Amino acid sequence: MGTVRTWKTFLAVAKHGSFAAAGKEVGLTSAAVGLQMRALESELNQQLFDRSARAVVLNTAGRKTVPMIKDLLVRYESLGVGGDPDEPMGTVAVGALVSALMGSFADALWNIRKQYPKLEVRLRAGMSADFTRQVERGELDAAVVIQSPHPLPANLIWTPLYSEPMVLVVPRKPHFDMPSDGSQMLSQCPFIRFDPSTWSGYLVREVLRQCKVTPKEAMELNSFEAIIEIVRQGFGIAIVPKLANVDWTRDQGLRIVSLSGVKVKRSVGLLERANHARSDFTLALKKYFSTKKDRSIS
């Protein structure tokens, strides 16, 4: 079915939604890209794109074809690498929350890269909901996301890796009057909220629900890193995950305040398709966290 070059061209068109943009990536003219795609559709005996004057968009058949083409490329590229056939190698595309890169996932990734030097990991930062669609379409081999508050598509698997408690962070030098009690802080102090439409925003809402308090909204952002820095500068308080790689006890700008009766945790896990060609990498990642849990228990 087609050639390796045709497969790469197809994936470029799927990514860019344009023959011209795909051509720039693979070194072909727009016309040549169009001919390759029509030849591929002819071989598969089905249309893969909905074409218009300005763009080409994957149709249902095209979206189903993306992960299969990616898997074929992974298997093909692994043929020429040599070495241990069971060793993860080649390129793997992984989505990761920026906050996960500040947590335990950063340590895991570094460990796996040292253990498997022939493996190239291409990271893409973003949001959990976006990653779910990209993994399902085959644009990503896997993604590190928080547990979805909604049912996942049947062809996706989410494996828990680690969890982080949701905590209240406040500035050490606030630009406002701050009471000593956590619940009073939430009701009286400027509150920096994580985007409530996101999965992490759902966890923040759950903390507020358990506290039975309506915060004094001051700002809304979709980055925990930005929120933490704004709190550090003294402009408000926030509910954030207690990121594993942040030394909270030595932070000169903020501190953690306990909230009585609140037991909300952010569960971070690995999202992947039920069947894909980069299970060598995902198995290595899950093994790392499994071993880490066993060590913490013993």
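For K292, the lysines whose Cα falls under 19 Å of its own Cα, not counting residues fewer than eight places away in the same chain, are K114, K242, K265.
Build a GNM of the chain with springs between Cα atoms under 10 Å apart, and of P179, P196, P67 the one that fluctuates most is P179. Each label point was placed 7 Å from the Cα along the Cα-to-Cβ direction; for I256 and Q184 their separation is 2.4 nm. Working note: 222 nm ellipticity from helices only, DSSP H runs with n ≥ 4, each -39,500 (n - 2.57), summed and divided by the residues of the chain, gives -13500 deg cm²/dmol to the nearest 500.
Protection proxy ranking, highest mean first, for peptides 11-19, 266-274: 266-274, 11-19, where packing is the per-residue count of other beta-carbon atoms within 10 Å, averaged.
Computed from backbone phi, the HN-Hα couplings of segment 172-178 come to 6, 10, x, 8, 7, 6, 10 Hz, rounded to whole numbers (Karplus: 6.51 cos²θ - 1.76 cosθ + 1.60, θ = phi - 60°; Gly and Pro given as x). Under a Gaussian network description of the chain, with springs only between Cα atoms under 10 Å, the residue in A100, A21, A125 that fluctuates furthest is A21. Give the distance, in whole Å, between the Cα centre of segment 24-68 and the Cα centre of segment 84-155. The two parts, judged by their Cα centres, are 26 Å apart. Set against the labelled values (1) 31; (2) 49; (3) 53, percent of Cα pairs over 28 Å apart computed from this structure falls on (2).
In the structure displayed, which of K173/K263; K24/K118; K15/K216; K118/K263; K263/K287 lie more than 32 Å apart, Cα to Cα? Too far apart for the 32 Å limit: K15/K216; K118/K263. Per-residue 3J(HN,Hα) values for segment 209-217, derived from phi via the Karplus relation 6.51 cos²θ - 1.76 cosθ + 1.60 with θ = phi - 60°, read 5, 5, 7, 6, 9, 9, x, 8, 4 Hz in sequence order (x marks Gly and Pro).
Largest mean-square fluctuation among F131, F191, F105, in a Gaussian network model of the chain whose springs join Cα atoms under 10 Å apart, belongs to F191.
All of the numbers you see were taken from the coordinates with simple rules; none came from a lab. Keep in mind the model is a prediction, meaning the values are calculated, not measured. Here Cβ is always computed from backbone atoms with ideal geometry, including for glycine, and neighbour counts include all displayed protein chains.
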